[in-house]
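As structure tokens, the structure follows; a few thoughts come after it.
Throughout, read-outs are computed from the coordinates displayed, never taken from laboratory work. Quick caveat, the model's predicted, so the values are computed rather than measured. Heads up, the Cβs are rebuilt from the backbone with ideal geometry, glycines too, and the neighbour counts pull from every protein chain shown.
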Amino acid sequence: MSEHHLHRLVIMRHAKADWPGGVADHERPLEERGHREAPLAGRWLLKHNIIPDFILCSSALRTRQTCTWVCSELGDKAPTPKLEDGLYAASALRMLSVVNHVPDTVTTLMLISHLPGVQDLAMHLASRDSDHDAYMDAATRYPTSALTVLETEKTWAELDGQDARITRFKVPRPH
């Protein structure tokens, strides 16, 4: 397969969120650390030329805020994100069904959502030829702002399980 047919999926967990009293889980905002770390994810994507042409984002406040920071770093390269209620508190298989409906014209898709779904989805999709260190990191820990990058030659509709190669796992943190 040529490089032209390669699809990249970036799965991101939202940045560090606050637990204010009396606030519904869906409306939890980022805490100060989250506001510092979320832009680093956008900078890392730019540095590695992993520019999403479509972003699916959970409708929860903390994922929307994370997405805003990522897009602010991507600048004019940032696509208009699509808020997806179905990604909030979603299982890996529910997330995959959302991904399966993405148009095939999208070559780099970013998904911003929540644990345990993001980690479970990365592990569900990971093929045997995944980068070993990246796979082990994603499998053992998936902290806030973590990103998993997967590549596949399949269409979004064909993605099923063990058919995307994890190429990178990154936890952006200030130095």
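Assorted remarks:
- Across region 37-80, Cα-Cα pairs farther apart than 11 Å form 60% of the total.
- Whether region 39-114 is rounded, prolate or oblate, judged on the alpha carbon gyration tensor where a/c under 1.5 counts as rounded: oblate
- Measuring from each cysteine beta-carbon in the chain, the ones with no other cysteine beta-carbon under 4.7 angstrom are 71.
- Amide proton proximity set for residue 17, modelled H, under 5 Å, gap of 5+: 31
- Annotation: amide H-H contacts under 5 Å for residue 130 (H modelled 1.01 Å from N, sequence separation of 5 or more, or interchain): 166.
- Gyration tensor (alpha-carbon) shape descriptor, region 8-170, a/c threshold 1.5: rounded
- Cβ-Cβ distance of residue 49 and residue 23, R₀ of 35 Å, FRET efficiency by 1/(1 + (r/R0)^6): the value works out to about 0.40.
- Distance between the pseudo-spin-label points of residue 59 and residue 173 (7 Å out from Cα toward the beta carbon): 3.5 nm.
- Residue-wise HN-Hα couplings along region 30-37, as the Karplus relation 6.51 cos²θ - 1.76 cosθ + 1.60 with θ = phi - 60° gives them from phi, are 5, 8, 3, 4, x, 5, 7, 7 Hz; Gly and Pro carry x.
- For region 160-165, 3J(HN,Hα) per residue [Karplus equation, 6.51 cos²θ - 1.76 cosθ + 1.60, θ = phi - 60°, Hz, x = Gly/Pro]: 9, x, 6, 10, 9, 8
- Local net charge near residue 35, Cβ-Cβ under 15 Å (Lys/Arg +1, Asp/Glu -1): +3
- Region 128-175 - percent relative contact order, Cα under 8 Å, separation 6 or more: 50
- A cut-off of 5 Å between modelled amide H atoms, ignoring neighbours fewer than 5 places along the same chain, links residue 55 with 82, 110.
- Straight-line cross-link partners of residue 82 among the aspartates and glutamates, defined as a Cα under 20 Å from its Cα and at least 8 positions apart when in the same chain: 27, 53, 73, 104.
- Mean ellipticity per residue at 222 nm, deg cm²/dmol - from DSSP H runs of n ≥ 4 across the chain, formula -39500 (n - 2.57): -9500 deg cm²/dmol
- Anisotropy class of region 96-153 from Cα gyration tensor, a/c 1.5 cut: oblate
- Straightening the chain between residue 91 and residue 151 buys 19.5 nm, computed as 0.36 nm per residue apart minus the Cα-Cα spacing.
- Computed from backbone phi, the HN-Hα couplings of region 91-97 come to 6, 4, 5, 5, 4, 4, 5 Hz, rounded to whole numbers (Karplus: 6.51 cos²θ - 1.76 cosθ + 1.60, θ = phi - 60°; Gly and Pro given as x).
- Averaging Cα coordinates gives a centre for region 64-108 and one for region 11-42; these two points are 16 Å apart.
- Structural descriptor for region 8-170: relative contact order 29 percent, calculated from alpha carbon pairs under 8 angstrom and at least 6 residues apart.
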